[in-house]
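Inspection log for the structure reproduced underneath, given as structure tokens.
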Amino acid sequence: MGRLEGRRAIVTGAASGIGRASAELFASEGARVLAVDRPAADLTFDNPAIVPFGQDISEDAAPGAIVAKAVEAFGGLDIVYNNAGVSGSTPVGETSDEAFDRQIGINLRAAFRISREAVPHLVKSGVGRLIFTASIMAKHTDNGLVAYSASKAGVVGMMRTFALELGRHGVTANAILPGAIATGMTAASFQHDEIAALWAKKAALKRLGQPIDIARAALFLASDDGGFVTGQALGVDGGLMLRV
Ligand SMILES: NC(=O)c1ccc[n+]([C@@H]2O[C@H](COP(=O)([O-])OP(=O)(O)OC[C@H]3O[C@@H](n4cnc5c(N)ncnc54)[C@H](O)[C@@H]3O)[C@@H](O)[C@H]2O)c1
């Protein structure tokens with residue numbers, strides 16, 4: 001018996017990295033998963049319990065389309081994992097309105113709009129779960145991350161309010177704060193051995209994270225194991241932020 005037997009999930013950003021690993025892990029634990037990513041993304045999966053859905057999450061009609069598709073395909077919705085995200089690195093003075101709006105729009109606003117759309121279904125579920133991929137950059141920052149850090153700090157603040165308001169309906173809401181994870185987002189940096197080694201060395205566990213490290217945390221929060229955990233920002237960073 002899987003840990004998500006019979007559960008119905010949406011995972012965004014499911015074509016790559018953390019989202020792909022999570023969709024596959026959720027399905028291997030018995031869930032049916034709507035795997036959402038951009039229409040051009042590769043959304044092929046071996047497990048037939050994963051239903052691909054090409055949709056840019058920042059479009060106005062995206063929340064309605066995504067949630068309706070999940071409910072139509074699965075007959076309801078128990079888990080929404082808002083994971084899709086984009087980053088950018090420009091000094092404050094060179095960060096355009098467009099770059100700022102894009103990161104806020106995808107990382108924060110789209111996650112809000114999809115979650116809001118899903119609320120009635122999560123309430124009906126009785127075991128509703130909202131999960132967000134934030135970042136250690138929700139609490140910290142680095143040069144060039146003005147829009148990214150703002151978006152991820154926003155995700156954590158937003159998550160707490162969902163948790164507070166929906167708790168009475170048995171719905172939990174939590175955010176995962178990954179450290180340095182080897183994914184599509186970080187491939188350009190970590191293809192350089194010296195950069196990968198630097199980030200691995202900073203972590204107490206002396207390695208980069210892999211998508212499955214984050215997927216396992218998401219599984220904990222999605223399953224009955226995480227049933228009394230809500231409103232939390234869970235660092236999953238291999239001890240990256242333990243020292244200055
Ligand atoms: N990799 C890291 O070190 C790291 C660290 C902290 C947080 N994160 C966060 O993890 C999450 C997952 O990223 P990842 O590292 O797996 O990167 P990734 O680039 O491998 O995957 C992100 C996925 O999101 C999708 N996506 C982006 N914008 C979208 C949109 N508008 N509509 C639909 N899909 C969209 C992309 O197409 C991609 O498949 C992101 O929110 C990211 O900010 C990553």
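Every read-out reported here was derived from the displayed coordinates using simple, explicitly stated rules and does not represent laboratory data. Since this is a predicted model, take the numbers as computed values, not measurements. Ideal geometry is used to build each Cβ from the backbone, glycine not excepted, and the neighbour counts take in all protein chains shown.
A few points about this structure:
- Taking only the alpha carbons of region 66-164, we obtain Rg and Dmax values of 15.1, 48 Å in that order.
- Summing charges over all other residues whose Cβ lies under 9 Å from the Cβ of A147, with Lys and Arg as +1 and Asp and Glu as -1, gives 0.
- By average C-beta atoms within 10 angstrom, highest first, the peptides 14-22, 195-203, 82-90, 66-74: 14-22, 82-90, 66-74, 195-203
- Annotation for K124 and S28: the two label points, set 7 Å from Cα along the Cα-Cβ direction, are 3.1 nm apart.
- Among 163-169, 130-136, the peptide with the highest mean count of other Cβ atoms within 10 Å heads the list, and the full ranking is 130-136, 163-169.
- Projected-area mean, the chain, by convex hull of Cα positions, square nanometres: 13.0 nm²
- Eligible aspartates and glutamates near K124 by straight Cα distance, threshold 17 Å, same-chain separation 8 or greater: E72, D78, E165, D224
- Taking the centroid of alpha carbons for each part, region 43-102 and region 206-244 are 21 Å apart.
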